[in-house]
Structure formats: structure tokens, C-alpha cells
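The values are calculated or read from the model by the stated rules, or taken from the named source; none is laboratory data. No experiment lies behind these values; they were computed from the predicted model shown. FYI the Cβ positions are ideal-geometry reconstructions off the backbone, even for glycines, and counts take in every protein chain you see.
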Amino acid sequence: MNKRILVTGGCGFIGSEFVRQGTQRGYKITVVDNLTYAGDYARIKSVEENISFYKADITNREFMEHIFNKEKPQIVIHMAAESHVDRSILDATPFIETNIRGTQVLLDVSKHYGIEKFINMSTDEVYGEISDGQFEETSPLSPNSPYSVSKAAADMLGRAYWRTYGLPVITVRPSNNYGSWQYPEKLAPVVILKGLNEERIPVYGKGTNVREWLFVSDCVEAIFLVVEQGRIGEIYNVGSGQEKKNIDVVQAILGLLGKSEGLIEFVKDRLGHDLRYSLNSAKIENELDWKAKVSFEEGIEWTVKWYVNNMDWVKDKVDYLHKYWERVYAKDFS
Ligand SMILES: NC(=O)c1ccc[n+]([C@@H]2O[C@H](COP(=O)([O-])OP(=O)(O)OC[C@H]3O[C@@H](n4cnc5c(N)ncnc54)[C@H](O)[C@@H]3O)[C@@H](O)[C@H]2O)c1
């Protein structure tokens, strides 16, 4: 074992879970992250003695070449991205830049230096919405937000580099992750924070949008199986099968916090909001023997406890987020 893995976005929510698990599994890990508003070194501080870290932008080709030259990674896990749909609606520019151009730079550099595997982190959102049934890996891509379009482009670039140059790319398309260390602009931590402070909790539309809730450690275990046994050139859906309406998630969190549902405020729906995502994950379950282990009920309880016990980490982000929330919900809160 002890392979050298380069992780982009390793100071983000999912990337840092990968880094923490990876060091325990004995991998030699290099983290590349330019620490955007969403990146935080604190997420990997507990394992810093076992990793190398570069504060670097993946769109910076020269810097990427320098890092590959020095660290000689055998495997690349590409998770760096602008990841929040609402932000992509406010301004798509950084999404195009990081998610598309950044991916191209990494694919080029990986091709030049030669690697064994390039895991391209895509998302269930590339398929677009589905009212009944489930998306399979062969379903057509039909993304609807600037975020999901940028991810679909990155996903297809990976496909092109495999098909055209034989770069050993594997694509993973996980569903909606939740758990500790998630930046508090995403649904679960927003509800936890606002619930704790007894502030109004904005819920888009009538809260009927359905997501497939995947605990972050389960997602990362799937990625390690893909690293170790996944077939080159393949795509793997990674879903938990636990579909929940947003309103059910909000109510579950308020119940755990012992707070009133009177805090819920339905606001004008997100532009272009996809109604439902649902993945058929039979391929990774059958081929790699993966299955999500954590139930939504266990995972959300654990997550609520984590935020309650880690308010120091969240506190300094909240002032900034207040301004951001006002921008997103401006029309509804005026
Ligand atoms: N969170 C989810 O539910 C989910 C579901 C499916 C797929 N994904 C995908 O998984 C990956 C990780 O998601 P996340 O939720 O951890 O995101 P995140 O926003 O928490 O983390 C992204 C990280 O990438 C870094 N980054 C951004 N731009 C960069 C750049 N130009 N150069 C270097 N680093 C940069 C940020 O600093 C941050 O640390 C993303 O590719 C995302 O699209 C996320």
C-alpha cells in the first residue's frame, strides 16, 4: 500500500474527510487547496504531521507542475471545486474557472507526469432532475444550474482524456453529502445554526425538493474502494438510497434541537430548482461491495451533536454568512 495520493480540495468538507481517512489507511497524502471561503486548514490540522500541504490554485498550471514534479503522485483525487448552487446562480464565473478550466489543467498535468488513476469527483446533479425512477451511470446528462453544468463539463473532460489519451480516469457521482465540517451555507448546517439561534429558517418553495442524503464517511469509503478496486474508464454512482424532502430534513433537525417548527419560513423558490435526484447505485454495490452504512436518522443526530460541540469553528463564519444569506434571500426578506 502506502501509495502517494494527491488530493485537490483537501481542505473542503468531503476532501478533508478523505484526507483524515487516508492518513489512517497509511496513504502518503499531498493536499492541494487554495483555501477559498469554503476551504479551511483546520479540517485537516489533526493529521498535518502525516501530509504535505500546498496552498495552490488548481488553475495555476506552473504551480501544479511544480507540485507533481516534487510529490510524484501515483493517484489523483480531484475534489477541488466551487460547490454551492446558490452561489453559481449569483455568479457563474468562478465555477467555470475552477470547475472546468481547473479540471483541464489537472488532467493535462496528470497526463504529462503519468499517474495510475485519476478519480474525477462529479455529482448526481449532472443528470438533472427526475420525478420517478432513478438515474443509472448510462443516463444522459442534463444539468440545470450553472454549478451542475460546470461539473458536467468537468465530468466530460475526464471522459475525453480517458478516451482520447488513455488517461486512467474514473468518474464518481455521489449524491447529497452531509456530516461534520460542512460549510454552514448548505442545508443541514444552516438549519442547525439558525435553529440554535432561534432565527427564521428559510426553506425554498414548499420544501418538497427531494435529495438522497449520504453521510460523508460513507461517501469517502466508496471513493477508497474506487481507488483500490475501481475499473479505469468507468463511472460509479454513489447514493445512499435515503431520499428525503428538504422539509423532512428541516423538521428532523428542529426535533433534535428541541426547537419550534414556527421558525420555518417558506421563501421564493431557488431559480431553476431541481425537484428530485435519485441514483441507482447497484454498480458500485455489486462490483465493489459498497453500501452506505449510516442511516439518515443516525447521521443527522451525529451531525447536530457535532455542530453543537464545535460552535467555535462555526462562529467566525457566521458574520460573513449573514451578509451572504441576505443576498441570496434578499427578495423574500425585504
Ligand atoms: N457536498 C456534496 O454534497 C457533494 C455531492 C456530490 C459531489 N460533490 C463534489 O465533491 C467535491 C467536494 O465537495 P465539498 O462539498 O467538499 O466542497 P467544498 O466547497 O466544501 O470544498 C471545496 C474545496 O475546494 C477548494 N478549492 C476551490 N477552488 C479551488 C481552486 N481553484 N484551487 C484549489 N482549491 C480550490 C476550496 O478551498 C475547498 O477547500 C466537489 O467537487 C463537489 O462538486 C459534492
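Could you please find all residues in the stretch 239-255 being surrounded by 18 or more Cβ atoms within 10 Å (Cβ to Cβ) and among the acidic types (Asp, Glu)?
Within the stretch 239-255, just GLU243 meets the criteria.
For the condition farther than 21 Å from GLY230 by Cα and either buried (at least 19 other Cβ atoms within 10 Å of the Cβ) or away from the ligand (no atom under 12 Å from the Cβ) (or both), what is the one hit in GLU116, GLU97, GLU71?
Numbers: GLU116 fails: farther than 21 Å from GLY230 by Cα; GLU97 fails: either buried (at least 19 other Cβ atoms within 10 Å of the Cβ) or away from the ligand (no atom under 12 Å from the Cβ) (or both).
The unique qualifying residue is GLU71.
Restricting attention to the stretch 22-51, and to residues there that are of a type in the set (A, V, I, L, M, F, W, C) and surrounded by fewer than 17 Cβ atoms within 10 Å (Cβ to Cβ), which single residue is nearest to the ligand (Cβ to nearest atom)? Steps first, answer last, please.
Of the stretch 22-51, the ones of a type in the set (A, V, I, L, M, F, W, C) are 29, 31-32, 35, 38, 42, 44, 47, 51.
With the extra rule that they be surrounded by fewer than 17 Cβ atoms within 10 Å (Cβ to Cβ), the set shrinks to 35, 42.
Details: LEU35: 5, ALA42: 11 Å.
Restricting to residues being of a type in the set (A, V, I, L, M, F, W, C) and surrounded by fewer than 17 Cβ atoms within 10 Å (Cβ to Cβ), the top hit is LEU35.
Give ILE89, ILE77, ILE100 a once-over and let me know the one that is over 22 Å from GLY15 (Cα atoms) and within 18 Å of the chain's Cα centre (by Cα).
Residue meeting the stated conditions: ILE89.
Do we have VAL220 as under 19 Å from GLY15 (Cα atoms), in contact (Cβ under 8 Å) with a residue 24 or more places away in the chain and either more than 15 Å from the ligand (Cβ to nearest atom) or out of contact with any His (no Cβ under 8 Å at 6 or more places or on another chain) (or both) here?
Working: under 19 Å from GLY15 (Cα atoms): yes; in contact (Cβ under 8 Å) with a residue 24 or more places away in the chain: yes; either more than 15 Å from the ligand (Cβ to nearest atom) or out of contact with any His (no Cβ under 8 Å at 6 or more places or on another chain) (or both): yes.
In short, yes.
Take the conditions over 26 Å from GLU234 (Cα atoms) and within 13 Å of the ligand (Cβ to nearest atom) and apply them to TYR54. Does it pass?
yes
Whether any residue in the stretch 309-320 is under 14 Å from GLU212 (Cβ atoms), surrounded by fewer than 15 Cβ atoms within 10 Å (Cβ to Cβ) and in contact (Cβ under 8 Å) with a residue 40 or more places away in the chain is what I want to check.
For the stretch 309-320, residues under 14 Å from GLU212 (Cβ atoms), surrounded by fewer than 15 Cβ atoms within 10 Å (Cβ to Cβ) and in contact (Cβ under 8 Å) with a residue 40 or more places away in the chain: absent.
If the Cβ limit is 8 Å and pairs must be 6+ apart or interchain, which residue in the stretch 64-84 that is polar (S, T, N, Q) pairs with which residue that is away from the ligand (no atom under 15 Å from the Cβ)?
So the pair list comes out as ASN69/TYR113; GLN74/LYS3; GLN74/ARG4; GLN74/ILE5; GLN74/ILE115; GLN74/GLU116; GLN74/LYS117.
Only residues that are in contact with a helix residue (DSSP H, G or I) (Cβ under 9 Å, 6 or more places away or on another chain), of a type in the set (Lys, Arg) and farther than 22 Å from GLY179 by Cα: list them for the stretch 260-302, please.
Hits for the stretch 260-302 are LYS268, ARG270.
SER142: farther than 24 Å from LEU106 by Cβ and in contact with a Lys or Arg (Cβ under 8 Å, 6 or more places away or on another chain), yes or no?
no
Assuming LEU279 fulfils every condition listed in (1) crowded, with 18+ Cβ neighbours inside 10 Å; (2) of a type in the set (A, V, I, L, M, F, W, C); (3) more than 11 Å from the ligand (Cβ to nearest atom); (4) within 22 Å of VAL126 (Cα to Cα) apart from one, which condition is it?
All conditions pass for LEU279, except number (3).
Within the set of pairs 6 or more residues apart or between chains, which connect a residue that is in contact (Cβ under 8 Å) with a residue 24 or more places away in the chain and closer than 25 Å to ARG101 by Cα inside the stretch 120-149 to a residue that is polar (S, T, N, Q) and not in a loop (DSSP other than H, G, I, E, B) with Cβ atoms less than 6 Å apart?
ASN120/THR171; SER122/THR171; GLU125/SER148; VAL126/SER148; GLU137/ASN237; SER145/SER88; PRO146/SER88; TYR147/SER88
As an exercise: evaluate LEU90 against (1) modelled with pLDDT under 95; (2) within 14 Å of the ligand (Cβ to nearest atom) and give the number of the one condition it does not meet.
Going through (1) modelled with pLDDT under 95; (2) within 14 Å of the ligand (Cβ to nearest atom) one by one, LEU90 breaks only (2).
Let me confirm something: among LYS186, LYS206, which residue is surrounded by fewer than 21 Cβ atoms within 10 Å (Cβ to Cβ), within 13 Å of the chain's Cα centre (by Cα) and in contact (Cβ under 8 Å) with a residue 24 or more places away in the chain? First the steps, then the outcome.
Numbers: LYS206 fails: within 13 Å of the chain's Cα centre (by Cα).
Within the list LYS186, LYS206, the selection yields LYS186.
For the stretch 167-198, enumerate the residues that are of a type in the set (Lys, Arg) and within 8 Å of the ligand (Cβ to nearest atom). Let's see the steps before the verdict.
As a first pass, look at the stretch 167-198 and keep what is of a type in the set (Lys, Arg): 173, 186, 194.
Scanning the stretch 167-198 gives ARG173, LYS186.
Hand me the list of helices (runs of 4 or more DSSP H) wholly inside the stretch 53-156 holding 1 or more residues that are closer than 20 Å to ARG276 by Cβ. First the steps, then the outcome.
On the way: elements: 61-71, 85-90, 103-113.
Fully inside the stretch 53-156 and qualifying: 85-90.
What is the one condition in (1) in contact with a Gly (Cβ under 8 Å, 6 or more places away or on another chain); (2) within 21 Å of ARG327 (Cβ to Cβ); (3) more than 14 Å from the ligand (Cβ to nearest atom) that SER83 does not satisfy?
Failing condition for SER83: (3).
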